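The values are calculated or read from the model by the stated rules, or taken from the named source; none is laboratory data. The structure presented is a predicted model; accordingly, all values stated were derived computationally and were not measured. Methodologically, a virtual Cβ is constructed for each residue, glycine included, from the backbone with ideal geometry; neighbour enumeration extends over all protein chains shown.
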Amino acid sequence: MLSINNLTVNVNDKQILKGINLEIKAGEIHAIMGPNGSGKSTLSHILSGKAGYEVTGGTVTYQGKNLLEMPPEIRAREGVFLAFQYPVEIPGVSNIYLLKAALNSIRKHHGQPEVDAMDFLTLVKGKVRLLEMDEKFLYRAVNEGFSGGEKKRNEILQMAILEPKLCILDETDSGLDIDALKVVAEGVNSLRSPDRSFVMVTHYQRLLDYIKPDFVHVLAHGQIVKSGGAELALELEEKGYGWVEQAAA
Amino acid sequence: MTTVTTSRYTAEYQSIAPLLPGQALPWLQSLRTQALEKFSVHGFPSLREEEWRYTNVAAIEKKLFSPSINLESSHIDTDWLKLHQLEDAWSVVLVDGHFSAELSVLDGLPDSVSVLNMADALVKCPKLLENYLGQGVDNAEHSFIAFTTAWFTDGLFVHVPARQVLAKPVQVLHIATQADVLATTRTVIIANEMAEAKVIETFVGLDVAYLSAAVTEVFVGANADVTLYKMQCESEKAYHFGGTYVKQSRDARFKHHNFAFGGLLARCDIHTDLDVASECELNGLYLGVKRQHIDNHTRINHLKPNAVSRELYKGVLDDRARGVFQGRVIVDIDAQKTDSQMNNRNLLLSDDAEADTKPQLEIYADDVKCGHGVTVGQLDEKSIFYLQSRCIDEETARNILTFAFANEMVDKIKIKGLHDRVLEQVLVRFPQEGVEKSWL
């Protein structure tokens with residue numbers, strides 16, 4: 001699904017990622033953990049194509065294609081989905097408009113006709129129920145005036161409707177109370193499938209109580225310093241990040 | 001300051017005066033005489049006046065716009081009219097400043113409520129009007145006020161007595177049909193204690209140069225609720241001067257939605273006086289293309305404690321268009337616990353477009369919560385990336401966001417027929433490729 005080889009990235013001439021190697025197969029869930037400033041968000045941004053980052057070396061291959069060559073919207077249409085740490089508010093555009101525009105862009109990309117209006121509504125309303133959201137949300141402006149929990153839930157709603165292949169969750173648990181976290185986690189779990197992979201970027205182990213990863217990687221100073229199974233997250237929770245950082249140094 | 005051209009207006013006045021409504025009302029005659037004197041001395045406002053420094057009205061002095069004699073309105077294309085006249089509303093249609101009974105729709109009004117044209121109102125309820133006309137704004141405010149007082153030929157009159165709720169909105173449709181015509185109107189809206197009303201002022205015209213000057217006074221009684229929409233869609237060659245002057249009693253609520261889309265040169269003033277615990281919301285959207293000059297002035301006077309004001313004006317300016325926003329909030333020494341927010345945001349789509357914005361807070365009380373903010377700029381890069389990450393290409397994302405910037409204001413309209421018409425006008429001016437109207 002995704003293969004990152006010796007990726008180095010600069011921001012404003014400062015090296016942030018210093019040789020990342022990561023192999024993600026279809027159906028796997030990878031958690032990327034690390035202290036603040038370790039480069040976690042840079043990694044999720046570089047995968048989704050955000051401007052302002054300079055790739056100085058290495059490759060990222062997604063489904064056999066060079067991911068770094070594609071503009072952000074092509075990545076998205078090819079199935080890469082970034083759930084934002086801070087979803088953007090867009091007054092004047094309703095949620096349902098955005099969902100329709102996004103879904104039809106994907107369909108057009110794959111040579112399919114626009115989605116039927118009735119089928120679309122049925123699909124969207126089903127997913128809204130799954131995420132325990134109010135249907136009224138669909139007609140409100142994108143994220144405008146939403147609480148932190150509502151914004152994150154809205155990201156997962158978009159993910160559920162667009163059915164991406166590679167889902168990148170950037171600090172999805174930050175700002176969520178435990179009830180909202182459970183709903184979001186259930187939403188993610190319901191999307192698990194053998195041909196869909198997840199990269200969860202998180203500072204806290206808490207999210208991993210609800211979404212069980214296959215692999216955990218610890219990112220520190222722009223490098224993956226340790227990889228392991230789900231149990232690594234528990235160890236980190238217990239001991240903090242200090243010991244892995246020291247071990248790597 | 002008096003120029004030859006202004007005296008042409010004044011000179012012409014003598015031949016017009018006998019045709020103006022309210023001849024039999026001494027109080028109105030004296031109001032008009034006083035106004036004419038003011039105007040004769042000052043002429044139209046000049047750039048030297050602080051409130052007019054961005055807006056040069058010299059062009060109307062160079063031309064002589066003359067009032068039309070009362071005419072048959074049968075030449076109005078009914079299909080064109082339908083584009084602007086709301087179906088589910090009572091309407092008063094004014095053609096070139098004169099009432100058209102056949103185009104207006106006023107049947108089914110409750111007996112206690114008055115909705116009629118100003119000329120008729122001066123005949124039917126002169127006593128009531130004496131207490132209100134000219135009481136919301138003084139002739140000395142600026143010379144356009146004096147001008148409209150002296151020159152007005154008609155207008156709208158709405159009176160909703162205490163506790164009455166108007167079941168449908170009232171629309172006054174100002175239509176200009178002739179080149180070089182002067183359409184001058186005065187409107188009075190009274191909502192007594194606990195009454196509720198929604199009024200829409202629509203300004204449209206054929207593709208010719210004309211001058212439309214319209215002043216509206218609104219009196220919102222104690223705990224009453226008035227929403228006023230202004231849809232200014234004048235021809236691209238026209239001059240528009242509008243004023244809305246509001247007096248809010250205790251606990252009164254007033255909302256204004258000002259859509260300033262038309263005119264070669266358009267100026268609109270909105271003033272409101274707030275009594276104890278009253279609330280006002282001023283929303284505005286101005287769209288300028290080509291060489292349009294669109295100027296909006298607002299003044300919110302917090303005169304008494306505990307009142308709330310919210311103001312949001314947005315502008316989208318393209319080509320060589322210029323948008324002006326001057327917003328003043330004045331908090332009187334008595335107006336403790338005032339809660340006021342004023343914002344003006346401008347989106348410039350071309351290097352030659354210009355936005356002049358001047359928010360002013362004058363606070364004389366010491367226990368208040370007041371804020372203001374201004375932005376002039378381009379689209380937000382974070383929002384563009386967010387849409388790209390949702391499969392939308394960059395150009396379409398920019399188009400959607402430009403549209404959305406304006407649409408935020410359109411979405412505040414609670415009357416469907418009006419919402420759809422305003423939306424249509426936004427899309428006519430900014431036909432954003434990739435914005436699917438049918439999905440909105």
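For segment B:1-88, list the helices (runs of 4 or more DSSP H) that sit wholly inside it and hold at least 3 residues that are among the aliphatic types (A, V, I, L, M) and either at pLDDT below 85 or surrounded by 15 or more Cβ atoms within 10 Å (Cβ to Cβ) (or both); which are they?
On the way: elements: B:4-16, B:26-42, B:58-62, B:78-84.
Ranges flagged: B:26-42.
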**Report entry** Qualifying position, being within 28 Å of B:A17 (Cβ to Cβ) and in a strand (DSSP E or B), among B:T184, B:T202
**Finding:** B:T184
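Quick check: is even one residue across segment A:160-167 among the charged types (D, E, K, R) and at positive phi? Don't jump to the end; show me each part of the working.
So in segment A:160-167, the residues among the charged types (D, E, K, R) come out as A:163, A:165.
If we keep only those that are at positive phi as well, we get A:163.
Checked against the condition, which is being among the charged types (D, E, K, R) and at positive phi, segment A:160-167 yields at least one hit.
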Query raised in the report: In segment B:358-373, how many are part of a strand (DSSP E or B) and either facing another protein chain (nearest Cβ under 7 Å) or out of contact with any Gly (no Cβ under 9 Å at 6 or more places or on another chain) (or both)?
Result: 6
Report summary line: Scanning segment A:104-141 for residues that are touching a Lys or Arg at 6+ places or on another chain (Cβ under 7 Å), in a helix (DSSP H, G or I) and away from chain B (no Cβ under 13 Å) gives A:E135
Requested in this report: Could you list all residues from segment B:144-165 that are in a loop (DSSP other than H, G, I, E, B) and in contact with a helix residue (DSSP H, G or I) (Cβ under 6 Å, 6 or more places away or on another chain)?
Outcome: B:G155
**Report entry** Hits in segment B:256-281 - residues which are aliphatic (A, V, I, L, M) and either buried (at least 24 other Cβ atoms within 10 Å of the Cβ) or more than 21 Å from B:Y54 (Cβ to Cβ) (or both)
**Finding:** B:A260, B:A266, B:I270, B:L274, B:V276, B:A277
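Give the residue, chosen from A:E155, A:E132, that is surrounded by fewer than 20 Cβ atoms within 10 Å (Cβ to Cβ), among the acidic types (D, E), touching a residue at least 40 places away in the same chain (Cβ under 8 Å) and closer than 21 Å to A:T172 by Cβ. If you could, list the steps in order and put the result at the bottom.
Working: A:E155 fails: surrounded by fewer than 20 Cβ atoms within 10 Å (Cβ to Cβ).
A:E132 is the lone residue from the list that is surrounded by fewer than 20 Cβ atoms within 10 Å (Cβ to Cβ), among the acidic types (D, E), touching a residue at least 40 places away in the same chain (Cβ under 8 Å) and closer than 21 Å to A:T172 by Cβ.
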Requested in this report: Return the only residue of A:V88, A:V115 being touching a helix residue (DSSP H, G or I) at 6+ places or on another chain (Cβ under 8 Å) and under 19 Å from B:A404 (Cβ atoms).
Outcome: A:V88
Requested in this report: Determine which single condition B:V316 fails, assuming it passes every other condition in (1) more than 14 Å from every other protein chain (Cβ to nearest Cβ); (2) more than 30 Å from A:R77 (Cα to Cα).
Outcome: (1)
Query raised in the report: Just for segment A:109-125: of the residues that are free of Cβ contacts under 8 Å to residues at least 24 places away in the same chain and surrounded by 12 or more Cβ atoms within 10 Å (Cβ to Cβ), which one is nearest to A:V183 (Cα to Cα)?
Result: A:K125
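Please specify each residue of segment A:142-178 satisfying the condition of being closer than 21 Å to A:N104 by Cβ, touching a Gly at 6+ places or on another chain (Cβ under 7 Å) and in a helix (DSSP H, G or I).
We begin by selecting, within segment A:142-178, every residue closer than 21 Å to A:N104 by Cβ; these are A:142-143, A:154-167.
Next, from what is left, pick out any that are touching a Gly at 6+ places or on another chain (Cβ under 7 Å): A:156, A:160, A:164-166.
Listed by number, the residues that qualify are A:I156, A:A160.
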Query - Members of segment A:39-65 found to be buried (at least 19 other Cβ atoms within 10 Å of the Cβ) and among the aromatic types (F, W, Y), listed by number - result: A:Y62
Query raised in the report: So which residues in segment A:80-101 are closer than 17 Å to B:Q432 by Cα and aliphatic (A, V, I, L, M), if there are any at all?
Result: A:I90, A:V93, A:L98, A:A101
Requested in this report: Go through segment A:13-26 and count every residue that is touching a strand residue (DSSP E or B) at 6+ places or on another chain (Cβ under 9 Å) and closer than 21 Å to A:G37 by Cβ.
Outcome: 9
Requested in this report: Quick one: in segment B:380-396, of everything that is at the interface with chain A (Cβ under 7 Å from one of its Cβ atoms) and part of a loop (DSSP other than H, G, I, E, B), which residue is surrounded by the most Cβ atoms within 10 Å (Cβ to Cβ)?
Outcome: B:C391
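If you check B:A101 against the conditions, is it surrounded by fewer than 18 Cβ atoms within 10 Å (Cβ to Cβ) and assigned to a strand (DSSP E or B)? Working first, answer last.
Numbers: surrounded by fewer than 18 Cβ atoms within 10 Å (Cβ to Cβ): yes; assigned to a strand (DSSP E or B): yes.
Taking the combined requirement at face value, the residue satisfies it.
Taking segment B:397-440, which residues are assigned to a loop (DSSP other than H, G, I, E, B), more than 10 Å from every other protein chain (Cβ to nearest Cβ) and within 19 Å of the chain's Cα centre (by Cα)?
We begin by selecting, within segment B:397-440, every residue assigned to a loop (DSSP other than H, G, I, E, B); these are B:411-415, B:430-436, B:440.
This time we only want the ones that are more than 10 Å from every other protein chain (Cβ to nearest Cβ), so: B:412-415, B:430-433.
B:K412, B:I413, B:K414, B:I415 - these are the residues of segment B:397-440 that are assigned to a loop (DSSP other than H, G, I, E, B), more than 10 Å from every other protein chain (Cβ to nearest Cβ) and within 19 Å of the chain's Cα centre (by Cα).
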